[in-house]
Amino acid sequence: MVLTRDFKETVLQRAQSDAVYREALLAEAVGALLQGDLETGKAALRVFIKATVSYDELSEETGLSSKSLIRMFGPTGNPRSESLVAVLRALQSLTGVRLSLQSHID
């Protein structure tokens, strides 16, 4: 799905100014990843990263190069689980957003 520049800017601005929206965006990203939708999860994480921290700041926190992080969350990126966990831990630390897991039985 191709997003227009105006839509991307609107999402970024909202994420920068609305803490509840940021939290929901990170939760949606992780939810998509857990459901096996890597493309959507990576796209949501890209927006979250751009709206909250820089790739340089994330690089410093994780010990991963910023170029690797950019590739990891790019359209053809395939993040390793240990790198993804490091990024999620760092994002929570840097932004103050805390993720928790609830299970449901249908």
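Any read-out appearing in this document is the output of simple, stated calculations on the displayed coordinates, not a laboratory observation. Quantities reported herein were computed from a predicted structural model and do not represent experimental measurements. Every residue, glycine as well, gets a Cβ built from its backbone with ideal geometry; the counts of neighbours run over all protein chains shown.
Suppose only helical runs count, i.e. DSSP H with n ≥ 4. What mean residue ellipticity at 222 nm does that imply for the chain under -39500 (n - 2.57) per run, divided by all residues and rounded to the nearest 500 deg cm²/dmol?
-22000 deg cm²/dmol
Across 5 Å bins from the origin, how do the percents of Cα pairs in the chain run, short distances first?
2, 12, 23, 26, 21, 11, 3, 1, 0
Could you size up the charge dipole of the chain around its Cα centre, putting +1 on the beta carbon of Lys and Arg and -1 on that of Asp and Glu, and report it in debye to the nearest 20?
Dipole magnitude for the chain comes out near 220 debye.
Specify which residue in the list Ala51, Val87, Gly74 is farthest towards the positive end of the charge dipole of region 5-95, using unit charges on the beta carbon of Lys, Arg (+1) and Asp, Glu (-1), about the Cα centre.
Checked the options; the winner is Gly74.
Neighbour counts of other C-beta atoms within 10 Å: give me Ser68, Ser81 arranged from fewest to most.
Fewest-to-most Cβ neighbours within 10 Å comes out as Ser81, Ser68.
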